[in-house]
Amino acid sequence: MKPEGLVFRKVFVLAYYKQNASFFLLVIGLAGGFMRSYDHIALAEFFVSSYFLLLIPFAVWATYTFKVMNFNAETIARNENEFLYSYILLPKTDQWITLIVTVLNQLAPATVYGIFLMAVAFKHGIMSTVVLVLIALISLTILASVTLYRALHHPDQERKVSAIKRFFDRLFSKPYPLFFIEWIVRRQPLMLIGTKVFSAAVLLGVMYLYTTDKYDYRLLAMGIILASAANSTLLLELHFFENFHFSLMRQLPLSFSKRFSYTITTVFLLTLTEIGLLITYFPDSLPLVILLQSILFLIAINIFIYGFLYWKNRNQEQLMPFIFGLIMSLIVLVLFKIPLTIFIVFHMVAGIYLWRKYYFRFEYTHDKISS
């Protein structure tokens, strides 16, 4: 392997898998412990049975690709990685080979499952599905490679605000809960889209299982836990926005209840996708009271994670072990049929307590600010 290939593998591939080790361990644990071998085959046969159902793995792969692209963009933006820009001095052929190999290594989990789907489709003689899966994987690889190429060749591009946007900004007064929504759409659109697609795919997959067999509320609760954990990255960005970019809020003469209402409204807006899916596709076999509890459970977990972020300064890599432990603990407790009301009250009270106690004590370190 050429020297540039070794550098890119260390900076992008190894660092990516190290940062997301908890996520992959969680997926492996759920896929290997919760599902048996013939369950995986049955699920693959379900996906390849129609073009519409095939959109589910496509959406998950797209989300995963967005996650990779977001990681690559953040890696390039770090001050210690400025040496990567010298990559453009290499011959064009070497540049593209290095980028494609790097992206293929990062997209390996999606590629492996795609090959599995193609094998299942080929076994049943559905050649059109084989071609579609192959096209999807190649397209995502090209997309991630081109995005990485542009990021290395055109750093610090100017972002212009459209005339329509400026017109509406002058015409309407924007409420505070929308400040972060606009900021994350501008700053990290791929992260936002990827997070929402992943959490939506998890909830849709869980609620579909209710049409195939009889399950109690625990299966839905586990889906909500995973969807809430997926939002932890957005909550980390919200925390960073409110305490660094908009730290002025600390100095304003606002009561805690007012501050809480602003942030919980923002959290509610961030979870509108999941709430809408719960309302639309809620299983008929479950009582409606579970629907209300599910929505409150979703919001309560997000409030707890957000309050926990005030306890100590953490970046995403340091936060992931806590999220992994929280997920596994909640899943185990859910399996013991603990009522959702207890989870809702505990997470809401604990989140508000941590938030209120450490709000004015919290301070970012230099590492967090520079990243």
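Listed values, structure above:
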| item | result |
| --- | --- |
| Entirely in the stretch 24-138, the helices (runs of 4 or more DSSP H) that have 3 or more residues that are within 24 Å of Phe8 (Cβ to Cβ) and touching a residue at least 12 places away in the same chain (Cβ under 8 Å) | 51-77, 92-106, 108-123 |
| Residue satisfying condition, being assigned by TED's automatic domain parsing to the domain that holds Ser261 and not aromatic (Phe, Trp, Tyr), within set Thr212, Thr147, Thr141 | Thr212 |
| Residue within the stretch 229-238 that is over 16 Å from Ile303 (Cα atoms) and in the same structural domain as Leu340 (by TED's automatic domain parsing) present | no |
| Single residue of the stretch 242-266 satisfying the filter (within 18 Å of Ile299 (Cα to Cα) and hydroxyl-bearing (Ser, Thr, Tyr)) that is surrounded by the fewest Cβ atoms within 10 Å (Cβ to Cβ) | Ser257 |
| Some residue of the stretch 218-231 being closer than 20 Å to Phe282 by Cα, out of contact with any strand residue (DSSP E or B) (no Cβ under 9 Å at 6 or more places or on another chain), among the charged types (D, E, K, R) and in contact (Cβ under 8 Å) with a residue 60 or more places away in the chain | yes |
| Of residues in the stretch 53-75 being among the aromatic types (Phe, Trp, Tyr) and more than 16 Å from Ile135 (Cα to Cα), the one farthest from the chain's Cα centre (by Cα) | Phe71 |
| Conditions (1) surrounded by fewer than 19 Cβ atoms within 10 Å (Cβ to Cβ); (2) in contact with a helix residue (DSSP H, G or I) (Cβ under 7 Å, 6 or more places away or on another chain); (3) not acidic (Asp, Glu): number failed by Phe172 | (2) |
| Condition met for Thr280 (surrounded by 13 or more Cβ atoms within 10 Å (Cβ to Cβ) and either within 15 Å of Ser232 (Cβ to Cβ) or at pLDDT below 95 (or both)) | no |
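For (1) within 30 Å of Asn20 (Cα to Cα); (2) in contact with a Lys or Arg (Cβ under 9 Å, 6 or more places away or on another chain); (3) assigned to a helix (DSSP H, G or I); (4) modelled with pLDDT of 85 or more, each residue gets a yes or a no:
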{"residue": "Phe180", "(1), (2), (3), (4)": "yes, no, yes, yes"}
{"residue": "Ser199", "(1), (2), (3), (4)": "yes, no, yes, yes"}
{"residue": "Leu203", "(1), (2), (3), (4)": "yes, no, yes, yes"}
{"residue": "Thr211", "(1), (2), (3), (4)": "no, no, no, no"}
{"residue": "Arg218", "(1), (2), (3), (4)": "yes, yes, yes, yes"}
{"residue": "Pro253", "(1), (2), (3), (4)": "no, no, no, yes"}
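Every residue, every condition in (1) surrounded by 21 or more Cβ atoms within 10 Å (Cβ to Cβ); (2) assigned to a helix (DSSP H, G or I); (3) more than 21 Å from the chain's Cα centre (by Cα), yes or no:
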| position | (1), (2), (3) |
| --- | --- |
| Phe268 | no, yes, no |
| Ile290 | no, yes, yes |
| Leu298 | yes, yes, no |
| Met320 | yes, yes, no |
| Gly325 | no, yes, no |
| Ile352 | no, yes, yes |
| Trp355 | yes, yes, yes |
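The values are calculated or read from the model by the stated rules, or taken from the named source; none is laboratory data. Source: prediction; values computed, not measured. Note: ideal-geometry Cβ built from the backbone for every residue, glycine included; neighbour counts use all protein chains shown.
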